[in-house]
Amino acid sequence: MAPPAKIITETEYVTPPKPIVSNPDALDLRDVEFVIVTKENVDEVFDKLKDDKVLFALTAKDYEKIALNLSDLRSYIAQQKSIIILYENAFDE
């Protein structure tokens, strides 16, 4: 009976190719018009909204919550951009 074949293990370091992903298109956000409705101007505002417009109302506290949510989204996006830059730099080394 022949002795078993000798197993040789070699380590080869392979650098993966850098992913080719283009940056997303710049945002082109739409303008939003806010109208503040008060006791003093409610009739005037409703007269302007007669046609096909809709009125959405928020309390000052809920408007503040929306502003905070947008701020949180900006922070989250900035963090994601930082992570992407770290990965891109890892491929450049």
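Can you tell which of ASP28, ASP51 is under 17 Å from the mean Cα position of the chain (by Cα), of a type in the set (D, E, K, R) and assigned to a loop (DSSP other than H, G, I, E, B)? Write out each step before concluding.
On the way: ASP51 fails: under 17 Å from the mean Cα position of the chain (by Cα).
After applying the criteria, what remains is ASP28.
Listed residues VAL32, VAL21, VAL45; which is at pLDDT below 90 and closer than 30 Å to ILE85 by Cβ?
Numbers: VAL32 fails: closer than 30 Å to ILE85 by Cβ; VAL45 fails: closer than 30 Å to ILE85 by Cβ.
Every option except VAL21 fails the conditions.
The values are calculated or read from the model by the stated rules, or taken from the named source; none is laboratory data. Here the structure is a predicted model, which is why all the values come from computation and not from measurement. Ideal geometry is used to build each Cβ from the backbone, glycine not excepted, and the neighbour counts take in all protein chains shown.
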